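Every number in this text was worked out from the coordinates using simple rules, so none of it is lab data. In this text, all values refer to a predicted model and were calculated from it rather than measured experimentally. No Cβ is skipped: glycine too gets one built from the backbone with ideal geometry, and neighbour counts run over all protein chains shown.
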Amino acid sequence: MTTRRNFLGTAVAVAAATADATLFAQDAINEKPMRPLVLSTWRHGVPANKAAWQVLSTGGTALDAVEAAARDSESDPDNMSVGLGGRPDRDGNVTLDACIMGPDGNCGAVACLTEIENPASVARLVMERTPHVMLVGEGAQEFALANGFTRTNLLTPKARNEWEKWKADHPDAVRERQVNVENHDTIGIVAVDSAGDLAGACTTSGMAWKMHGRVGDSPIIGAGLYVDNEVGAATATGVGEAVIRAVGSFLVVELMRQGRSPAEACREAVERVVAKNPDWKELQVGFIALDKAGRIGGYAIQPGFEYAVHDATGGRLETSASRVSQ
Ligand code: ASP
């Protein structure tokens, strides 16, 4: 007789088998580790990876490669979630967050940076030229200007129009502290070079129409990005508050250290995010990861998450497995 309990048991087993089949398909990607290799979140990762590949294919370092990829996305005015052309906060300010981490475990970050087109490059200089890890706001901008960066108006007409439309459609948004949790497509990049060294970068204009001063996961080492040259590298995209609560990218790397494949580690980290965020059904969070051998994986809460891969066989876009099915 089928009791409710064993029916649920069967349903769980079927769900687990389906999830395993998806992961198995994902692990098939992992069977042929390659290096050098670069992996980036979302479709705009395809052109960004090309920029990284120019560095990696000519014997360059993973650190130079991830910076080149970040710059490509940041300087593209059509990419409305990163750098120039990024959507502003609810008061109309474009504020950028970025971080970078190298194989020696060193890292740098900037948050709430304004009028500077390439925040990941500023983050790299924070790492290389200061005794600190993170600079924010005015101090970050002063540091960038003192190091040869120039001011740019990052609010493009297209982003301004979207913001004005959003304000008109949400007249009470400021008073009611509404924000938008949908438009958020950070680029996170992880790479392994031909010497086997790992690096990563993560750069974003953050959640569209956020409160002024809000900083997400992307510049937070361990949340938006983590690299451990002995193990692997991971980066996150999606609602930053949820990623921070789980220290997501660090978790992915630690799970790989314990023996999980990149795909398994991303899935387990997504489960942790789900467990820590009761409103997870309303959220998108995705992780991508790369291990020391050059195996890759990705996993997201919601369907629709894509990531771009570039190795010696060329560039391609992968659709990530997700907790919620299509
Ligand atoms: N994680 C970013 C943030 O919360 C947004 C995104 O991934 O698009 O700022």
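Pairs of lysine residues in the chain that meet both criteria, 8 or more places apart or on different chains and Cα atoms under 22 Å apart, total 9. The radius of gyration of the Cα set in region 108-164, together with its Dmax, comes out at 12.4, 41 angstrom. Across every direction, the projection of the convex hull enclosing the Cα atoms of the chain has a mean area of 17.6 nm². Dipole magnitude for the chain: about 700 debye, using +1 per Lys or Arg Cβ and -1 per Asp or Glu Cβ, origin at the Cα centre. With semi-axes defined as the square roots of five times the eigenvalues of the C-alpha gyration tensor, the equivalent ellipsoid of region 194-303 measures 23, 16, 10 Å, largest first. As an exercise, find the ratio Rg/Rh for region 84-206 from alpha-carbon atoms, using the Kirkwood inverse-distance average for Rh. My calculation of the ratio gives 1.04.
3J(HN,Hα) along region 284-289, derived from phi through the Karplus expression 6.51 cos²θ - 1.76 cosθ + 1.60 where θ = phi - 60°, amounts to 10, 9, x, 10, 10, 8 Hz, with x in place of Gly and Pro.
Diffusion of region 77-142 by Stokes-Einstein, at 20 °C in a medium of 1.002 mPa s and with Rh set to the Kirkwood radius over alpha-carbon pairs, works out to 178 µm²/s. Estimated from helical segments only, the mean residue ellipticity of the chain at 222 nm is -11500 deg cm²/dmol, where each DSSP H run of four or more residues counts as -39500 (n - 2.57).
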